[in-house]
Structure formats: structure tokens, C-alpha cells
Amino acid sequence: NEPRAIPLPKLGCGGRVYPGQLAPVRTTPWNIATLGLAAGGHPLAGAAIQLVPFAILTRRLKMVPDGTLLAARITGQGLVADLMGTGQALRREWWPIGLACALTAPRSRAARLGVALMLTPIALEWAKERPPVNPFAYAALRLLDDAAYGSGVISSSLRKRTPGPLLPAIQGVAGLRM
């Protein structure tokens, strides 16, 4: 009787299953500008950038009852979704950048923002689910799990020489014509 090898799970897929369709983050130019300005120490200017998609949506929804309120809600929810996605990418496919953020956070406002983007969703998840482990252990385990997944994606992308699964998808503004 020879010992049999136990198959190990594959780390990430690196775009193998859905070539060209995987991206760690799908975002808009408005939300990139908002995040960049906030990271650079100009959060009010970043918030002001959100007036552009809000104005575009308000105009497109002018015939809808409460269109202005709906435009504000869509704009805000879109920004939050993109920020959460960026935090997830910093834990997963972009974990080397996330690690750099964690190491430089004491000296860098942008790095502290990166750490906040990475940890806030984990803290909210822990508070909602209340797993039988303390929040610090939970965060550490989630960070390790996400980095393992991201390492697989990075490895597959390098091996297949395809950067697609590591690059953000910037959604154009063609659909948001004034």
C-alpha cells in the first residue's frame, strides 16, 4: 500500500475559467478621483467630484418620481460598493499593495485609508455574523485567507502571462451622457 497524495485546492483561477471577464475591481472614473483625492488629504474635493455622476443621474431621472433622491442613492451606493471592492482587492489580488499599506500606515494618510478599506468590511462582517472567535483573530484569518486566494490569482496570471485578473475594470461614462 503506497500512500496516496491528498489533492490540494487550487489557489485562485487567474482568469482560466472566464478569460477577460475577471477584474479585482470594477469602478468609474468619478470614484477613482474621489478615492485619490481622499487618499491625498482632500476628502471634501473628493466628495465634490461625486456631484458629477449625481448631476448626470439627476438629469436622466428627471421624469422619475423622486428622481433626485434616487440619483443621490445610486451615486452613494455606487461609491460605497467601489470602496468595498477596492478594499477586497487590497486583501486579495492586490495583497502586496495592501501589505505595503499596513506597513506604512503610521506614516501615510493614503496607507491608512487603504488599511481602513481593507478592514472595515471584515469588521462589519464580524459584527453581523458574530463568529465564535474574537475580532482580531477573525480579521487575521480573513486576511490570510484572502491573501492565499490572491496569491493563486497572481501566480496563475504570471504563469499564463495574462494581467487581466490583476487589473481594474474602469467603466466608461458612455452610458452616462448628459
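The values are calculated or read from the model by the stated rules, or taken from the named source; none is laboratory data. This structure is a prediction, so every number in the text was calculated from the model and none was measured. Ideal geometry is used to build each Cβ from the backbone, glycine not excepted, and the neighbour counts take in all protein chains shown. We work out accessible area using only protein heavy atoms, side chains counted, and drop any ligands, DNA or RNA first. Shrake-Rupley method; radii C 1.70, N 1.55, O 1.52, S 1.80 Å.
Just checking, does the stretch 111-121 include any residue being more than 30 Å from L57 (Cα to Cα) and either surrounded by fewer than 16 Cβ atoms within 10 Å (Cβ to Cβ) or touching a residue at least 12 places away in the same chain (Cβ under 8 Å) (or both)?
Going through the stretch 111-121, the residues more than 30 Å from L57 (Cα to Cα) turn out to be 111-112, 115, 119.
Restricting the remaining residues to those that are either surrounded by fewer than 16 Cβ atoms within 10 Å (Cβ to Cβ) or touching a residue at least 12 places away in the same chain (Cβ under 8 Å) (or both) gives 115, 119.
Within the stretch 111-121, one or more residues are more than 30 Å from L57 (Cα to Cα) and either surrounded by fewer than 16 Cβ atoms within 10 Å (Cβ to Cβ) or touching a residue at least 12 places away in the same chain (Cβ under 8 Å) (or both).
Identify, please: which residue in the stretch 25-44 is aliphatic (A, V, I, L, M), touching a residue at least 24 places away in the same chain (Cβ under 8 Å) and in a helix (DSSP H, G or I) and is, among those, most open to solvent (accessible area, probe 1.4 Å)?
Quick first cut of the stretch 25-44, residues aliphatic (A, V, I, L, M) only: 25, 32-33, 35, 37-39, 44.
Keeping just the survivors that are touching a residue at least 24 places away in the same chain (Cβ under 8 Å) gives 25, 32, 35, 38-39.
Those still in the list that are in a helix (DSSP H, G or I) too: 32, 35, 38-39.
Values: I32: 80, L35: 40, A38: 34, A39: 27 Å².
Filtering the stretch 25-44 for residues that are aliphatic (A, V, I, L, M), touching a residue at least 24 places away in the same chain (Cβ under 8 Å) and in a helix (DSSP H, G or I), the one most open to solvent (accessible area, probe 1.4 Å) comes out as I32.
May I ask you to verify whether P96 is farther than 23 Å from A148 by Cβ, open to solvent by 60 Å² or more (accessible area, probe 1.4 Å) and at pLDDT 95 or above?
Values: farther than 23 Å from A148 by Cβ: no; open to solvent by 60 Å² or more (accessible area, probe 1.4 Å): yes; at pLDDT 95 or above: yes.
Judged against the criteria, P96 is not a match.
Looking at the structure I just gave you, is T27 among the hydroxyl-bearing types (S, T, Y) and modelled with pLDDT of 95 or more?
The answer is no for T27.
Can you spot a residue in the stretch 65-84 that is polar (S, T, N, Q), free of Cβ contacts under 8 Å to residues at least 40 places away in the same chain and open to solvent by less than 30 Å² (accessible area, probe 1.4 Å)?
Yes, the stretch 65-84 has at least one match.
Only one of (1) in contact (Cβ under 8 Å) with a residue 40 or more places away in the chain; (2) in a helix (DSSP H, G or I) fails for E93. Which number is that?
For E93, the failing item is (2).
From (1) surrounded by 14 or more Cβ atoms within 10 Å (Cβ to Cβ); (2) under 24 Å from A169 (Cα atoms), pick out the condition that doesn't hold for A105.
(2)
Which numbered condition trips up W94, out of (1) touching a helix residue (DSSP H, G or I) at 6+ places or on another chain (Cβ under 6 Å); (2) closer than 20 Å to T34 by Cβ; (3) of a type in the set (F, W, Y)?
(1)
Only residues that are in contact with a helix residue (DSSP H, G or I) (Cβ under 7 Å, 6 or more places away or on another chain) and either assigned to a loop (DSSP other than H, G, I, E, B) or farther than 21 Å from I97 by Cβ (or both): list them for the stretch 126-168, please.
Residues satisfying the conditions are W126, P131, P135, Y138, P163.
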